[in-house]
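To start, the structure itself, in structure tokens.
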There are 2 protein chains.
Amino acid sequence: MRIGLGQFNAVVGDLRGNAAKIHKMYQQALERSVELLVFPELAVSGYPPEDLLHKKYFLEDCRRVLEKLASDCKKITTVVGCPLSDNGNIFNSAAVLQNGSISSVYHKAQLPNYGVFDEQRYFQPGSCPLILKTSGLNIAVTVCRDIWDIEWLSEFFADSGKIDLLANISASPFYAGKQGDREQIVIASARKIGCAVGYCNLVGGQDELIFDGRSMFADSEGRIAGIAQGFVEDLFIADVVPGDGSVKVRLLSPSVPISDEPLEEIYQALVLGTRDYARKNGFQKVLLGLSGGIDSSLSAAIAAAALGAENVTGITMPSRFNSPETINDAKKVADNLGIKFLTVPIEPILKEFDKELRAVKGWDNQGIAYENLQARIRGTILMSLSNQLGALVLTSGNKSETAVGYTTLYGDTAGGFAVIKDVMKTVVYSLAEYVNMTNGRQIIPEAVINRAPTAELRPGQKDTDTLPEYDLLDKILSGYVEEDKSAQELIESGLPADTVRRVITMVDQNEYKRRQSPPGIKITQRAFGKDWRLPITNRYKDMS
Amino acid sequence: MRIGLGQFNAVVGDLRGNAAKIHKMYQQALERSVELLVFPELAVSGYPPEDLLHKKYFLEDCRRVLEKLASDCKKITTVVGCPLSDNGNIFNSAAVLQNGSISSVYHKAQLPNYGVFDEQRYFQPGSCPLILKTSGLNIAVTVCRDIWDIEWLSEFFADSGKIDLLANISASPFYAGKQGDREQIVIASARKIGCAVGYCNLVGGQDELIFDGRSMFADSEGRIAGIAQGFVEDLFIADVVPGDGSVKVRLLSPSVPISDEPLEEIYQALVLGTRDYARKNGFQKVLLGLSGGIDSSLSAAIAAAALGAENVTGITMPSRFNSPETINDAKKVADNLGIKFLTVPIEPILKEFDKELRAVKGWDNQGIAYENLQARIRGTILMSLSNQLGALVLTSGNKSETAVGYTTLYGDTAGGFAVIKDVMKTVVYSLAEYVNMTNGRQIIPEAVINRAPTAELRPGQKDTDTLPEYDLLDKILSGYVEEDKSAQELIESGLPADTVRRVITMVDQNEYKRRQSPPGIKITQRAFGKDWRLPITNRYKDMS
């Protein structure tokens, strides 16, 4: 039997647009004689629709679009993810479309409610397996997390008889290294159930989430027969052939070789996330501040790759604290990328603010307030140009500084989308080298990579005046933020006690800044987004 | 048997501080011969601790503090809410402290995962009732939502034998009118189980949530015997006396009469929320922009009531578009409240920005960008003074403008806490009148109340240039935002179709602004906070 996995890029809420994409892939599948065509989880609504699911009319519209799809996709048995309401309960469902109508429906049984997931907020769990019998095959339909608990899965299908193919429709968000986990799950399911697996994953960026595609087939021995492309749409086709107590898979689409460069998938995620956030929100053009530092240089490179250099404008906004070297490097980066470059000096504006603020008792043009003021003037300039030119402002804050609050609220955090928000500073360096390497030339100048990081908000300022070296900082942050380790555990692992405690205090105290920061692309197991929900009002201090 | 309800104000994460408050009430209860003392849900950790619950060491610290409490509160049987982990599962528990140790533990069975609640993200549900037998009484211990489904509750206790008292420990967040719902639930539980009820609710502000206290006793006939004070701490005591097939309650604390003024509780919630957000986050002083309009005038009045006039500074930041009347009214409000008043003109700064921005092709000092620029200069001035003086900036945006995005991101939304974020404009007017009435004088001048609302960002601007009249706008918003009504339903209810569709589009398109806005006090069933989770990237349009 010929199976197609319709790995496509859905937009949340764009029911008709998603249906049109599904229908287009259906037509391609028809040309290639596909007999069973499988689309991702919640393909009709996009994933995650969040509180749209509270609107009764949204659910009615989803059903209407699904019924129309059924009547438009008559010739191939098609499995499509769609939220469905039934008797006041809402389900995360896989609908089977056959001969012009919805022939059966499966409701997801395992509803994730951790990390970035809130499925128990919306859905009731299903409890009945669905075995689709078509073209002589028994096909078990599952939705995403249903296959992640192998013991449960095996129980679930205990009374279902022989299964030839497990079809799984997923919307599995990316983090670096996740594909390995997915492959293990697909392999384990194939072996446990003793059947082939067709795993269809969503692709595309949705706010902070990236769906990376990489749909898969496995045979009943648990061999991965092939992997679809990552980060782009792909109609992935194979023949699934049962016989002799095993189920074989003959791949009909090119399988993507596994890269041995771990930075590649991170870079691709950042490019796709930036492109989709801008495009899906109606922006053709973006602009960002270019300081001559590594964060904004990397962000500009990603933006140019995502949207085309002609759609990116870099703006340098020098004060008297910016060195000629950094100003020059900003210009170099813009030239290397071929993006537009503007200069808007902030010194005269800074002077005027200072003059007015001096009327207030206690104002001081030497301290933190004055430093933040410079960043806020820059944020205001970027937002003014954004409003005037209709371009989205990208911010360049990395995960290390976002964690410890080494940022100015409404200053460098001002903008619609934070490209490298989940990228630690040490990884920013690696990505800069990666960009230079893959381009075969020095896009981001050597001087930018080698210069000691500085915010240039006072004479001779260095990040290390305030923060530990980034190598150490990032070690503490991955332990504390990404792995829930305590100060005690980090100190026992050999990190310096004073620094560990100081960094943890900074992370805790800066929740208020993160709460008002723009969304950014999740690339780790725990980003500062939906998977990080800490109170602002929080006096907790580790008592050890 | 003498029962005390320890309605106290916990701080999330302040385990030792919360324990100290519990112990202090224990000592007061001891003096008044209380035999059973009941504290709210998650009293040890504060509610909601959110992702602190992911940290193993946090749970260990909670248990340690609970055990210390047990040894400090030997003389009264004490029920305390605390998160407890057991074999890798985490429970929302009620611990019974007796004779120096934890004698038994009940795990909350009904875990809310809707609205502002995410309890299924953290907790496993309990499944066993706990009947505490002490002083000849059978006391069923329950946690918050356990009593909201009466049929389930009755099933749950079906095999528990005779129950004299249902003790419920709650952290039930406020919205206007909720107390009536709570009373109905307490009455229904008393009648269904045929026992007295002691309902102990948390009090205090925690980020956007207000816990309003108003703990209660009911007798077995379902009569409310008394209600504790709202919005303040209260040790609420009664004797519970079984006999003759019924259980009587003799109140020993003054019961609070029910107010017939619905604005009173809203005002109290806003005052408590502002006070607790500032104080619990370490701020003594606040500052806010005073425009001479009604929103900032009301916010200033609430701030002064919350923190003392001496801790509030109002700042007027006139441009050439501000009329002498509004500038004068801002001053009048400050004088009436007795708060500090500063003037920082923005005109020279605005000119300087305009001069620099004119270098960019396309810049225009007549449009929206130029209007937003003025708001952003003001936001920057407030934040500069906040950084310099260590005062929290309060914002004054109301729910109507927050909904439709009639705000400038990083402009009037710049600040730490949004006092009236969940107050519709029409309610802002009522609250202004209420403030004047309860103060017995015109705190907010008549002219401020009567002037047509204007942002004063261009000559002769009125809110109605852009928005419908607030009476109509607020009707559409309560239907769409608070009740999930569709455009179709709103139009069928008699609202004008064009305006309905225009307003809904504005709400949908401005999610990105809300995402970066400060938290504010929830006073309705659906605020723009934890109970409003919409994607930014969202192309959904009602298909009707």
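Read-outs: derived from the displayed coordinates by stated rules, not from any lab. For clarity, every value in this text was computed on a predicted model and none was experimentally measured. Here Cβ is always computed from backbone atoms with ideal geometry, including for glycine, and neighbour counts include all displayed protein chains.
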- Which ³J(HN,Hα) values in Hz, rounded to whole numbers, follow from the phi angles of region B:440-447 under the Karplus curve 6.51 cos²θ - 1.76 cosθ + 1.60, where θ = phi - 60° and Gly and Pro get x? x, 7, 7, 5, 9, x, 3, 4
- Förster-model FRET efficiency, 60 Å R0, B:Arg502 and A:Glu261, C-beta, rounded to 0.05: 0.75
- Take each of the peptides A:227-236, A:166-175, B:157-166, A:68-77, average the number of other beta-carbon atoms within 10 Å over its residues, and list them starting from the highest. A:166-175, A:227-236, A:68-77, B:157-166
- Item | Those lysines that a straight Cα-Cα span of less than 16 Å connects to B:Lys355, excepting residues fewer than 8 apart in one chain | A:Lys351
- Charge dipole (debye, nearest 20) of region B:263-515; +1 at Cβ of Lys and Arg, -1 at Cβ of Asp and Glu: 960
- Query: Under unit Cβ charges (Lys, Arg +1; Asp, Glu -1), what dipole magnitude, rounded to 20 debye, does the protein assembly as shown have relative to its Cα centre?
  - Reply: 860
- Query: Taking every residue in A:525-535, how many Cβ atoms of other protein chains lie within 10 Å of its Cβ, on average?
  - Reply: 4
- Just name one of B:Leu235, B:Phe211, A:Ala304: the one whose Cα is farthest towards the positive end of the charge dipole of the protein assembly as shown (beta-carbon charges, Lys/Arg +1, Asp/Glu -1). A:Ala304
- Note on the structure: Other residues with Cβ under 13 Å from the Cβ of B:Thr77 give, with Lys and Arg +1 and Asp and Glu -1, a net charge of +3
- Note on the structure: Here the net charge surrounding A:Tyr470, from other residues whose Cβ is less than 12 Å away from its Cβ (Lys, Arg +1; Asp, Glu -1), is -2
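Per-residue ellipticity at 222 nm for chain A, helices alone: DSSP H runs ≥ 4 residues times -39500 (n - 2.57), over residue total, nearest 500 deg cm²/dmol?
Values: 17 runs with 199 residues, N = 544.
Mean residue ellipticity, 222 nm, calculated: -11500 deg cm²/dmol.
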- Message: Taking each residue in B:197-209, count the Cβ atoms of any other chain within 10 Å of its Cβ, then average. What number comes out?
- Response: 1
- Query: How big is the convex hull of the Cα atoms of region B:2-255, per residue, in Å³?
  - Reply: 110
- For A:Lys56, which aspartates and glutamates qualify as cross-link partners when the Cα separation must be under 12 Å and same-chain residues fewer than eight apart are set aside? A:Asp86, B:Glu483, B:Asp484, B:Glu489, B:Asp542
- Query: Tilt of helix B:294-307 relative to the longest C-alpha principal axis of chain B, in degrees (0 to 90, nearest 10)?
  - Reply: 40
- Task: Compute the separation of the alpha-carbon centres of region A:130-199 and region A:270-308 and state it in Å as a whole number.
- Result: 37
- Task: Could you work out the local net charge near B:Ile185, counting Lys and Arg as +1, Asp and Glu as -1, over the other residues with Cβ closer than 12 Å to its Cβ?
- Result: +1
- Whole-number value, in Å³ per residue, for the convex hull of the alpha carbons of region B:263-515 is 134
- Query: Helix A:56-72 sits at what angle to the longest principal axis of chain A, using alpha carbons and giving 0 to 90 degrees rounded to 10?
  - Reply: 50
- Query: With +1 on each Lys and Arg Cβ and -1 on each Asp and Glu Cβ, how big is the dipole of region A:2-256 about its Cα centre, in debye rounded to the nearest 20?
  - Reply: 620
- Item | Peptide-level mean, for A:353-366, of C-beta atoms on other protein chains within 10 Å | 4
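If we count other beta carbons within 10 Å of each Cβ, what is the order of B:Cys200, B:Cys195, fewest first? Mind dumping the intermediate values first?
Details: B:Cys200 29, B:Cys195 25.
Taking fewest neighbouring Cβ atoms as first place, the list is B:Cys195, B:Cys200.
Quick check on the exposure proxy: order B:Val423, A:Val256 from fewest to most C-beta atoms within 10 angstrom.
Working: B:Val423 29, A:Val256 15.
Neighbour counts put them in this order, fewest first: A:Val256, B:Val423.
I need the shape label for the protein assembly as shown. Rule: rounded when a/c is under 1.5, else prolate if a/b > b/c, else oblate, with a, b, c from the alpha carbon gyration tensor.
On the way: a/c = 1.55, a/b = 1.05, b/c = 1.48.
In terms of gyration-tensor shape, oblate.
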- Query: When we measure straight from the Cα of A:Lys541, which aspartates and glutamates land under 13 angstrom away, once same-chain ones fewer than 8 places off are left out?
  - Reply: A:Asp508, B:Asp14, B:Glu60, B:Asp61
- Query: Going 7 Å from the Cα of A:Ala447 toward and past its Cβ, which residues in region A:300-327 have a backbone nitrogen under 17 Å from where you end up?
  - Reply: A:316-319, A:321-327
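If each residue's Cβ is checked for other Cβ atoms within 10 Å, how do B:Ile444, B:Ile368 rank with the fewest at the top? Each step should come with its number before you reach the end.
Working: B:Ile444 25, B:Ile368 13.
Listed from fewest to most nearby Cβ atoms, that is B:Ile368, B:Ile444.
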- Query: Which ³J(HN,Hα) values in Hz, rounded to whole numbers, follow from the phi angles of region A:425-438 under the Karplus curve 6.51 cos²θ - 1.76 cosθ + 1.60, where θ = phi - 60° and Gly and Pro get x?
  - Reply: 4, 4, 6, 4, 4, 4, 5, 4, 4, 4, 4, 4, 5, 5
